[in-house]
Amino acid sequence: MDMNHYLEVFIDESKEHLQALNENLLMLEKQPEDLGVMNEIFRAAHTLKGMSATMGYNDLAVLTHMMENVLDGIRNDKIQVTTTLLDVIFLAVDHLEAMIDSIEAGEDGKRDVTDVIDKLQLLEKGLHPEEHQTAQEIAATATNMNTSSSLQYDQYERTIIEQSREQGYECFEMKVHLIPDCVLKTARVFMVFEVLEKSGDVIKSLPSVEQLEEEQFGSEFTAALITKDSKADLEKKIMKISEIEAVQIQAVDLTHQHKLENTTDNKKLESSHLDKKSGSTSKTKKKQAKTASKTIRVNIDKLDILMNLFEELVIDKGRLEQISQNINHADLNETVERMSRISGDLQNIILNMRMVPVETVFNRFPKMVRQLAKDLNKKLELHIIGAETELDRTVIDEIGDPIVHLLRNAIDHGIENPEVRLASGKAETGKINLKAYHSGNHVFIEIADDGAGINKQKIINKAIAKEIITSSEADLLTDEQAFDLIMAPGFSTADTISDVSGRGVGLDVVKSTIQSLGGSISITSAEGKGSTFSIQLPLTLSIISALLVEVGNEKYAIPLSSIIETAIIKSSDIMTAHNQPVIDFRGSVVPLVSLQEVFHVENEDEHDSEFVSIVIVRKAEKTAALAVESFIGQQEIVLKSLGNYLTEVFAISGATILGDGQVALIVDCNALIK
């Protein structure tokens, strides 16, 4: 069977199982007695092991199997959940993730995991290895232990062992430790197996014979032998071989063995056992199976092609609507109207297919925060809010790295050390809120910490020293303008640059990435209280509803999501405040912005008019009135980039092609309000 056909599915499902492991392990750390969480962890590891073995990735399967043994001990109350234990399991998951990444990159997925396997074996035996222990120390510790079997036997192997004992034979499990600097390990393994085969029949080994032949193991291996020789005789024969450091021999105790679920019946039995423990019902399982059968995986490239074709359809639909209006034929008008409704429904379906919850990005951060907090000796709580908020897949793929950088900055230089926090009257545990929410046609992502905040004067002094601004300009800066300076290339206020990050280092990259997505980033901070980085992103990068307006001799599109309402006011109602034209909008003073002046549009028919057409737009709590010449009407438009040569055009987020072939620029209302 050609397994390459299933490779993409294997990678996708493996990532899902690894994410489930990460999430549930974090939950287990907080709720070590929760059997339901433990069963979910075991199920994910077990499934990943089976998939890996089926696809032929033995290193991945062996590591997952060793991890599964520890998890099985936890759920059977033989091993206690501790921080040290979870550190080792997280380390194993990190190795698994690296293997999957290797496979995804077209490599073989092989990795040296000797150290973590040694630690997992100690955990299985009830010890808690420290991170600094070497494989040699672990092996030496294990030598002095009277341990239970580390191999697991399927039904066929169990039957052989039982029948052999009835005929006077015994089954021994031998764990052979080679000296740390052993050369030609495979040759030593061959010599050991030669001795064993003269004494009886080897029925199982760990790692497998193939892995042993390819030297894919650390400093130890285990073999099960059916023989009539005694333990003492076997030990004497094996220890005669040079470069053997120690050997542990024990009789196999089948009463403490857990069967490997290699058959369908065994898998069903285990699944039933797990569901019974976690309170699941057969009705729920049937419902889940039914839901799963209605789900398929679609390559994102295919969705991109579908979206591009639909964009062309939207442009042609606009052209057809214009022709219909000019001809004014009843049947044609009816057909075009029906086509518009159908294309609108089709658009919603395509856009929803591309929308992905931001939790696909957010769910990797708790584990990262946990590890960084340990590395920096800080106490941290990460609160994720609005993870169900959806974004276009193309935006999701790009936003992960900027958020990682902002989180690392917040942890390293935002949150203070516990003793500093206590001295300043704060709780020793710092808090970081990662929040996502919709607002109009945009998604906002906020990273807020209750740390030390940003020192405005320190930023200004550094900016003056780097000749980014002058002293006279510094006096006029608002807080927000001062904080924006830290996103200048190479700007940093950090006294020392750590391995994690320095607040300000690399923020120019964060800013440019977000701007390339059509978004923006702003900073607010109160010294001693904390900082908030707010990222604004477009909901989608493709099709939006907009109001077409005329400004002079040109047409512009204003996104409907930013519009509160439209109106026509008298020119005499326009007032002036702080040298800025304003109007009275429902009892509030709203600034009036002339698009003709902002975009320097020429108007051949320019004359004083008694009335002015305005569009009231909003960004968060701020509003503004945009003065235009006339309204054309609402239309679905395809948002197109201005290209690499026009990257920073003020208040223009893109362009669209209208039905008559004309190009209309799309107004960025947020920039105008700011």
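FYI, it's all coordinate maths here, none of it is from the lab. Predicted, not measured: the structure shown is a model, and the values here were computed from it. Ideal geometry is used to build each Cβ from the backbone, glycine not excepted, and the neighbour counts take in all protein chains shown.
Divide, for the range 550-674, the radius of gyration over alpha carbons by 2.2 N^0.38 Å, where N is the residue count. Display every interim value, and only then the final one.
Numbers: Rg = 14.7 Å, N = 125, 2.2 N^0.38 = 13.8 Å.
Compactness ratio reported: 1.06.
Just round it to a whole percent: the fraction of Cα-Cα distances in the range 416-494 exceeding 18 Å.
59
Would you work out which of PHE533, VAL551, HIS600 lies farthest towards the positive end of the dipole of the range 522-674? Charges go on Cβ: Lys and Arg +1, Asp and Glu -1.
Toward the positive end, the furthest listed residue is PHE533.
So how much slack lies between GLU473 and ASP316, counting 0.36 nm per residue of separation and subtracting their Cα-Cα distance, in nm?
Extending this stretch completely gives an extra 51.4 nm.
Across 5 Å bins from 0, what is the distribution of all Cα-Cα pair distances for the range 3-133, in whole percents?
All Cα pairs, binned at 5 Å, distribute as 2, 11, 23, 24, 19, 12, 6, 2, 0 percent.
What are the residues whose amide H is under 5 Å from the amide H of ILE632, where those residues sit 5 or more places off or on another chain and H is modelled from the backbone?
Answer set, sorted by chain and number: LEU548, VAL549, GLU550.
Please give the direction-averaged projected area of the C-alpha convex hull for the range 359-538, in square nanometres with one decimal.
10.5
Cα-based Rg of the range 300-357 per 2.2 N^0.38 Å, rounded to two decimals?
Ratio of Cα Rg to 2.2 N^0.38 Å: 1.33.
To the nearest 20 Debye, how big is the dipole of the range 300-357 about its Cα centre, given +1 on the beta carbon of each Lys and Arg and -1 on that of each Asp and Glu? It would help to have the intermediate numbers written out before the result.
On the way: 6 positive and 10 negative charges, 25 e Å.
It comes to approximately 120 debye.
Given that compact globular proteins tend to follow 2.2 N^0.38 Å, what is the ratio of the alpha-carbon Rg of the range 367-414 to that value?
Here the Cα radius of gyration is 1.32 times the empirical estimate.
With the Cα gyration tensor of the range 533-583 in hand, convert its eigenvalues to equivalent ellipsoid semi-axes via √(5λ) and list them largest first in whole Å. Write down the numbers at each step before the final one.
Values: eigenvalues 152, 67, 23 Å².
Sorted largest first and rounded, they come to 28, 18, 11 Å.
As a quick test, which of the pairs LYS379/LYS431; LYS175/LYS204; LYS30/LYS431; LYS110/LYS185; LYS435/LYS619; LYS529/LYS622 have an alpha carbon distance above 20 angstrom in this structure?
LYS529/LYS622, as the Cα separations exceed 20 Å there.
Count the net charge of all other residues whose Cβ sits under 11 Å from the Cβ of GLU194, scoring Lys and Arg as +1 and Asp and Glu as -1.
+2
Per 10 Å bin from zero, what fraction in whole % of the C-alpha pairs of the range 155-256 is there, up to the bin with the longest pair?
The distribution over the range 155-256 is 15, 50, 29, 7, 0, given as percents.
Per residue, how big is the convex hull around the C-alpha atoms of the range 2-42? Give it to me in cubic angstrom, could you?
Convex hull of Cα atoms, per residue: 53 Å³.
Over the Cα atoms of the range 621-674, what is the Rg over Rh ratio if Rh follows Kirkwood?
Ratio of gyration radius to Kirkwood radius for the range 621-674: 0.99.
Could you give the spread of the C-alpha atoms of the range 372-469 along their three principal axes, from largest to smallest, in whole angstroms?
42, 38, 25
Please report, in debye to the nearest 20, how large the charge dipole of the range 155-256 is about its Cα centre when each Lys and Arg carries +1 at its beta carbon and each Asp and Glu carries -1 there.
Around 280 debye, computed over the range 155-256.
So if I place +1 on the C-beta of Lys and Arg and -1 on the C-beta of Asp and Glu, and nothing else carries charge, what would the dipole magnitude of the range 352-441 be about its Cα centre? I want it in debye, nearest 20.
On the way: 13 positive and 13 negative charges, 58 e Å.
Charge dipole of the range 352-441: 280 debye, to the nearest 20.
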